[in-house]
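Chemist: Encoded as structure tokens, here's the structure I'll be asking about.
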Amino acid sequence: MVDTKIKIRDLDFFYGKKQILFNVDLDFYSNQITSLIGPSGCGKSTLLRCLNRMNDIIPGIKVNGNILYNKFNLYKEENSVVEIRKKIGMVFQKPNPFPMSIFNNVSYGLRVQGEKDKEKIKKIVRESLEKADLYDEVKNRLNSSAFSLSGGQQQRLCIARALAINPDVILLDEPCSALDPIATAKIEELLKKIKKEHTIIIVTHNMHQAKRISDYTCYLLDGKIIEFSETNELFNNPKNKLTKDYINGVFG
Amino acid sequence: MVKMDEQKKEKIYFTIFKIATFFSVVLLGFILIYIFVKGVSVINLNFLTSMWNHQDITKGGIFPAIIGTLFLAVGVSIFSIPIGISTAIYLNEFAKDNLFNRLIKLSIRNLAGVPSIVYGLFGLAFFVLLLKFGTSLLAASLTLGCMTLPWIITTSEEALKSVPNSFREASLALGATKIETIKMIVLPNSLGGMLTGSILGISRAMGETAPIIMVGATFFMNYLPKSAFDKFMALPYHLFILATQHSSPYSREYALGTALVLIFLVFSLNLGMFVIRYKLRSKKEW
Ligand SMILES: Nc1ncnc2c1ncn2[C@@H]1O[C@H](COP(=O)(O)OP(=O)(O)O)[C@@H](O)[C@H]1O
Ligand SMILES: [Mg+2]
């Protein structure tokens with residue numbers, strides 16, 4: 001039996017008056033990869049961004065319901081957004097390294113936290129790049145600009161950057177949608193590797209990707225959870241007709 | 001058939017643009033050459049470094065006017081750059097996007113288009129008379145500062161807008177606060193743009209004549225301003241006096257010489273701006 005890391009209960013989400021998520025109940029299990037799939041515009045990113053309160057930066061949003069992270073209600077503690085984001089990291093759809101060196105990208109989170117110990121920073125940067133399977137490719141040019149890397153390398157750099165502050169949960173929003181199959185495969189491999197230490201939640205519109213990497217899959221449609229189960233179960237033996245239509249390609 | 005027409009049209013447009021460009025370049029070149037040829041004869045060390053001699057202008061120099069204009073530029077910078085950049089940061093990074101704030105932004109943009117003489121009038125009423133700064137370097141710096149502020153705010157806002165939001169999001173997602181994000185990501189990537197905009201605004205203020213006549217510039221002074229409450233000479237006003245009010249037969253040449261010095265100062269500032277911009281451009285990669 002696996003532990004539950006994050007519990008979503010009765011979650012409604014609004015952009016202004018427009019409701020995007022309806023009564024979402026969902027559990028994410030520790031050290032598992034959970035995929036969120038569904039047609040574009042169904043609210044996957046919105047749901048994911050509720051988990052580290054990234055939606056807070058958009059004016060006019062409203063959130064009802066509860067999200068519990070280790071018994072800690074994410075939406076009750078008003079001032080802990082920064083702490084939440086240190087524990088729940090995020091990787092975005094388009095690789096978005098900062099316009100600075102590879103090294104400084106990875107060390108950014110530590111520097112923000114006021115870490116001064118140069119040796120410690122070096123060590124963590126190296127470990128994070130190794131975990132993101134990037135170290136060997138960049139070890140001789142840690143001081144070159146992050147923009148000198150290929151798209152796939154940039155995305156792994158963003159993963160290393162997120163890993164450097166040792167988050168408990170890592171959220172990824174279609175991290176491979178801008179990448180070629182080889183770069184995608186590399187990221188999938190590394191995700192499977194790091195799930196030993198982190199809980200991983202990934203949004204993908206690619207069902208094959210969900211099948212390949214995730215332990216659990218959740219199918220979302222028009223802001224409602226249609227079906228959530230173990231990945232094999234969901235793809236081989238969907239309970240809901242809507243899920244069946246989607247994975248058989250009847251839909252979108 | 002249609003394609004031919006399109007090509008023809010394109011050619012006609014190109015030609016019009018080319019002629020317009022050619023015309024403005026030739027005009028500008030002509031003005032510069034005229035000023036240079038006529039003005040360079042009066043420029044010598046004495047002209048640049050000695051006090052003004054109102055009786056015999058061939059004996060004196062424009063040193064106090066150069067210093068006055070430089071003091072003015074410094075005064076305007078001290079006042080308008082910090083306030084302008086801070087305002088832009090507030091408007092772009094903190095202010096909510098509501099009707100009130102949009103109205104404020106719109107007003108600032110409109111203020112940038114108000115004629116400088118109106119700022120002069122405001123400066124006279126507010127700084128000179130109400131705050132009792134008198135006609136002085138201080139009053140003139142503040143007046144030109146007010147005139148330059150809207151421009152600095154607007155260009156700084158543009159510089160801040162050019163920093164992609166994805167950088168801000170990435171930083172926030174790593175547990176940085178908004179202030180930390182501004183300090184570590186937004187400012188380093190926009191300061192260059194903000195400074196080049198500011199310098200451009202300052203160099204325009206350096207050439208202003210109308211407002212400073214009302215708030216502190218004087219056409220004759222044989223000492224340098226000793227405090228911010230002194231009057232001062234300034235190149236553009238000096239140039240105006242020489243060109244229109246002075247009876248010396250040499251005044252035309254001396255006016256053009258003064259113009260040359262003013263142009264040189266403004267060009268140097270703009271050159272500095274281009275250097276900053278070039279350095280940052282080569283670093284910018286998104
Ligand atoms: N900032 C926003 N303001 C208003 N509506 C938004 C905003 N972002 C997304 N939406 C809307 O919310 C819905 C869900 O978007 P999103 O979560 O991005 O979907 P997905 O990631 O599944 O494609 C869409 O209809 C989208 O138009
Ligand atoms: Mg999305």
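The values are calculated or read from the model by the stated rules, or taken from the named source; none is laboratory data. Because the structure is a prediction, the values reported are computed rather than measured. Neighbour counts run over all protein chains shown; Cβ positions are idealised from the backbone, glycine included. These accessible areas exclude ligands, DNA and RNA; they are computed on the full protein's heavy atoms, side chains included. Shrake-Rupley method; radii C 1.70, N 1.55, O 1.52, S 1.80 Å.
Chemist: Please list, in order along segment A:40-56, the HN-Hα scalar couplings obtained from phi with the Karplus expression 6.51 cos²θ - 1.76 cosθ + 1.60 (θ = phi - 60°), rounded to whole Hz, x for Gly and Pro.
Modeler: Per residue, the Karplus-derived 3J(HN,Hα) values read 4, x, 7, x, 4, 4, 4, 4, 4, 6, 6, 6, 10, 6, 5, 5, 4 Hz.
Chemist: What whole-number distance in Å separates the alpha-carbon centres of segment B:193-254 and segment B:70-90?
Modeler: For segment B:193-254 versus segment B:70-90, the Cα centre distance is 19 Å.
Chemist: In the structure shown, do any of A:LYS193/A:LYS241; A:LYS123/A:LYS196; A:LYS186/A:LYS211 have a Cα-Cα gap over 26 Å, and if so which?
Modeler: Values: A:LYS193/A:LYS241 34 Å; A:LYS123/A:LYS196 20 Å; A:LYS186/A:LYS211 16 Å.
Distance filter (> 26 Å) returns A:LYS193/A:LYS241.
Chemist: Just report the Cα centroid separation between segment B:113-131 and segment A:15-74, whole Å.
Modeler: One Cα centre to the other: 54 Å.
Chemist: Determine the principal axes of the Cα atoms in the protein assembly as shown, then give the extent along each, sorted from largest to smallest and rounded to whole angstroms.
Modeler: Computed over the Cα atoms, the extents are 102, 67, 51 Å.
Chemist: Between B:ARG204 and B:ASN222, what is the label-point separation in nm under the 7 Å Cα-to-beta-carbon projection?
Modeler: Distance between label points: 3.9 nm.
Chemist: Count the DSSP beta bridges whose two residues both fall in chain A, then state the antiparallel fraction as a percent rounded to the nearest 5.
Modeler: Numbers: 25 of 42 bridges.
Of those bridges, close to 60 percent are antiparallel.
Chemist: Which Cα, out of B:VAL163, B:THR181, B:THR218, lies furthest along the positive dipole direction of segment B:131-221 (beta carbon charges, K/R +1, D/E -1)?
Modeler: Of the listed residues, the answer is B:THR218.
Chemist: So what's the angle, to the nearest 10 degrees on a 0 to 90 scale, between helix A:181-194 and the longest Cα principal axis of chain A?
Modeler: 90
Chemist: With +1 on each Lys and Arg Cβ and -1 on each Asp and Glu Cβ, how big is the dipole of segment B:128-286 about its Cα centre, in debye rounded to the nearest 20? Mind dumping the intermediate values first?
Modeler: On the way: 14 positive and 8 negative charges, 49 e Å.
For this selection, approximately 240 debye.
Chemist: Using only the C-alpha atoms of segment B:55-282, find the volume of their convex hull and express it per residue in Å³. Before the final figure, lay out the partial values.
Modeler: Details: hull volume 30.4 nm³, N = 228.
Roughly 133 Å³ of hull volume per residue.
Chemist: Kyte-Doolittle cut-off 1.0, length cut-off 27 Å along the helix's own axis using Cα: show which whole DSSP H helices in chain B pass.
Modeler: B:63-89
Chemist: Quick check on my link table: of A:LYS86/A:LYS122; A:LYS76/B:LYS183; B:LYS105/B:LYS231, which ones sit more than 30 Å apart, alpha carbon to alpha carbon? If you can, show how the numbers build up before the last one.
Modeler: Details: A:LYS86/A:LYS122 19 Å; A:LYS76/B:LYS183 28 Å; B:LYS105/B:LYS231 34 Å.
Cα-Cα > 30 Å for B:LYS105/B:LYS231; rest within.
Chemist: Among B:LEU195, B:LEU99, A:LEU11, which residue has its Cα positioned farthest towards the positive end of the charge dipole of the protein assembly as shown, with +1 placed on the Cβ of Lys and Arg, -1 on the Cβ of Asp and Glu, and the dipole taken about the Cα centre?
Modeler: Comparing the listed Cα positions along the dipole, B:LEU195 ranks first.
Chemist: Rounded to the nearest 100 Å², what is the sum over both chains of accessible area buried where B meets A, with a probe of 1.4 Å? Present the calculation step by step, with values, prior to reporting the outcome.
Modeler: On the way: alone 16640 and 12210 Å², together 27060 Å².
Looking at B and A, the buried total is near 1800 Å².
Chemist: If you don't mind, another one. Where is the GNM fluctuation largest for chain B (alpha-carbon springs, 10 angstrom cutoff): B:LYS231, B:LYS11, B:LYS38?
Modeler: B:LYS11
Chemist: Here's a follow-up. Under 20 Å from the Cα of B:LYS279, which lysines turn up, not counting those fewer than eight places away in the same chain?
Modeler: Qualifying lysines at Cα under 20 Å: B:LYS161.
Chemist: Indicate, rounded to the nearest 5 percent, the antiparallel portion of the DSSP beta bridges found entirely in the protein assembly as shown. All intermediate terms of the calculation are to be shown ahead of the outcome.
Modeler: On the way: 25 of 43 bridges.
Given both bridge residues lie in the protein assembly as shown, the antiparallel proportion sits at roughly 60 percent.
Chemist: 222 nm [θ] for chain A, helices only, -39500 (n - 2.57) per DSSP H run of 4+, per residue, to 500?
Modeler: -10000 deg cm²/dmol
Chemist: Still on this structure: Which positions within segment B:152-174 get 40 Å² or more of their accessible surface covered by the other protein chains, compared to the chain by itself, with a 1.4 angstrom probe?
Modeler: Buried on complex formation: B:PHE167, B:GLU169, B:ALA170, B:LEU172, B:ALA173, B:LEU174.
Chemist: Also, I was wondering about something else. If the elastic network links every pair of Cα atoms under 10 Å, which of A:ALA146, A:ALA183, A:ALA132 fluctuates the most in the Gaussian network model of chain A?
Modeler: For chain A, modelled as a Gaussian network with Cα springs under 10 Å, the answer is A:ALA183.
Chemist: Can you compute the FRET efficiency between B:THR21 and B:LEU70 using 1/(1 + (r/R0)^6), with r the Cβ-Cβ distance and R0 = 41 Å? Round to the nearest 0.05.
Modeler: Numbers: r = 34 Å, r/R0 = 0.83.
So the FRET efficiency works out to roughly 0.75.
Chemist: Any idea what the dipole of the protein assembly as shown comes to, in debye rounded to 20, about its Cα centre with Lys/Arg Cβ at +1 and Asp/Glu Cβ at -1?
Modeler: Details: 63 positive and 44 negative charges, 78 e Å.
In debye, rounded to 20, the protein assembly as shown gives about 380.
Chemist: Please give the charge dipole size of chain B, origin at the Cα centre, charges +1 on K and R Cβ atoms and -1 on D and E Cβ atoms. Round to the nearest 20 debye.
Modeler: Working: 25 positive and 14 negative charges, 84 e Å.
For this selection, approximately 400 debye.
Chemist: Could you name the lysines whose alpha carbon sits less than 30 Å from that of B:LYS8, not counting residues in the same chain fewer than 8 places away?
Modeler: Excluding near neighbours in sequence, the set is B:LYS18.
Chemist: Then there is this: Looking only at B:ALA217, B:ALA228, B:ALA173, which one moves most when chain B is put into a Gaussian network model with springs between Cα atoms under 10 Å?
Modeler: Maximum fluctuation in the GNM of chain B, among the listed residues, is at B:ALA173.
Chemist: A follow-up question, please. Of the options A:ILE213, A:ASN237, A:ASN143, report the single residue whose Cα projects farthest towards the positive end of the charge dipole of segment A:103-252 (beta-carbon charges: Lys, Arg +1; Asp, Glu -1).
Modeler: A:ASN143
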